[in-house]
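First up is the structure itself, then whatever we jot down about it.
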Amino acid sequence: MNIRELASLLGASAIEFATGEEEISHVATITEAGSGSVTFIANPSYEKFLLTTNATAVIVGASFAIPSEPNRSQKMPAVIRAIDPYGAFAKTLALFNPRKNMFPVKIHPSALISSSARIAASAIIGAQCFIGDDVTIDEGSVIHPGAIIYDGTVIGKNVIIGPGTVIGFDGFGYAAGADGSFGKIPQIGNVIIEDDVEIGALCTIDRATVSHTIIRRGAKLDNLIHIAHNVEIGEDTAIAAQTGISGSAKIGKRNQIAGQVGMIGHITTADDVVIIAQSGVSKSLTKPGRYFGAPAKEFRTALRQEGALRQLPELMERIKELEEQLRKIKEKK
């Protein structure tokens with residue numbers, strides 16, 4: 001495939017520094033790219049590599065400014081301008097590396113599936129999976145090897161469940177007795193996973209105590225995430241690894257929750273909230289925006305507080321100096 005053909009498939013707006021006839025054979029990172037490769041720049045911190053990369057072509061944004069460098073020794077790579085360079089690169093990856101069929105059969109013979117489960121003809125069940133009573137799995141969904149789907153779970157269309165993930169096990173519900181021991185609270189609800197959801201490897205999504213734990217349409221969950229009982233994850237929300245969301249929390253639409261975030265139960269977040277990595281959310285976030293810290297605060301407020309904390313050692317030393325000066329003044333009186 002040549003550059004002109006690739007640009008056409010991507011709907012790119014322009015090609016610069018090339019005729020368009022140069023051949024592209026593979027995809028690479030901008031620092032490792034060589035002849036015949038295509039790469040991309042979406043993050044400003046990588047813009048400097050345009051002048052040093054050996055790639056044949058680089059996908060950039062429509063408004064990307066070409067840096068000037070009169071001493072560049074090699075030929076400038078072709079620049080393919082796209083409205084969404086990251087999305088265009090994702091399409092390019094699919095073009096040059098079509099996904100292989102990992103499943104030789106629709107339902108692996110080693111999978112243990114209840115006779116009351118309802119599985120669409122186009123769904124795929126991998127090796128060593130367990131599918132419990134009254135589970136529903138709709139068209140085009142893929143359950144990777146070793147996943148466990150407990151009774152009553154409802155899985156929509158085109159859902160991906162990663163290997164080793166457990167859906168619908170009991171939530172963490174116990175009542176303390178007078179003697180301090182804990183008695184188990186029956187968990188009789190279920191889990192509903194709507195269409196186009198992707199859940200990574202080794203996640204746990206607990207069934208509701210009553211009613212439903214719900215993962216709404218288009219949500220994307222990374223590996224190693226815990227979703228507790230009765231949680232609701234909003235549409236098109238993305239959650240990174242090692243995040244834990246406690247029971248009955250309600251997460252809004254289009255939230256972006258970074259890695260190792262912890263959220264207490266019974267709180268809500270507004271739509272379009274971004275939570276920075278390792279934050280602890282201890283109360284509801286009622287407005288869209290970026291939040292950071294433990295407890296999580298509006299991003300700029302959190303940064304100011306972090307900056308003030310860094311100055312504390314110097315401020316403490318200054319206070320000691322002032323106290324010593326004040327002591328000497330008093331002694332002279």
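The values are calculated or read from the model by the stated rules, or taken from the named source; none is laboratory data. Just so it is clear, the model here is predicted, and its values are computed rather than measured. With ideal geometry, Cβ positions are generated from the backbone for all residues, glycine too; neighbour counts draw on all protein chains shown. What goes into the accessible areas is simple: the full protein's heavy atoms, side chains included, and nothing from ligands, DNA or RNA. Shrake-Rupley method; radii C 1.70, N 1.55, O 1.52, S 1.80 Å.
Some observations on this one:
- Failed item, numbered, when residue 217 is tested on (1) in a loop (DSSP other than H, G, I, E, B); (2) open to solvent by 60 Å² or more (accessible area, probe 1.4 Å); (3) farther than 18 Å from residue 190 by Cβ: (3)
- Qualifying residue in the stretch 305-324 (condition: under 30 Å from residue 247 (Cα atoms) and surrounded by 10 or more Cβ atoms within 10 Å (Cβ to Cβ)): yes
- Residue count for the stretch 1-20 under the criterion of being outside any helix (DSSP H, G or I) and free of Cβ contacts under 8 Å to residues at least 40 places away in the same chain: the result is 2.
- Residues of the stretch 34-53 that turn out to be aliphatic (A, V, I, L, M) and assigned to a loop (DSSP other than H, G, I, E, B), as a count: 2
- Matching entry among 222, 196 (being in contact with a strand residue (DSSP E or B) (Cβ under 7 Å, 6 or more places away or on another chain), farther than 19 Å from residue 265 by Cβ and at pLDDT 95 or above): 222
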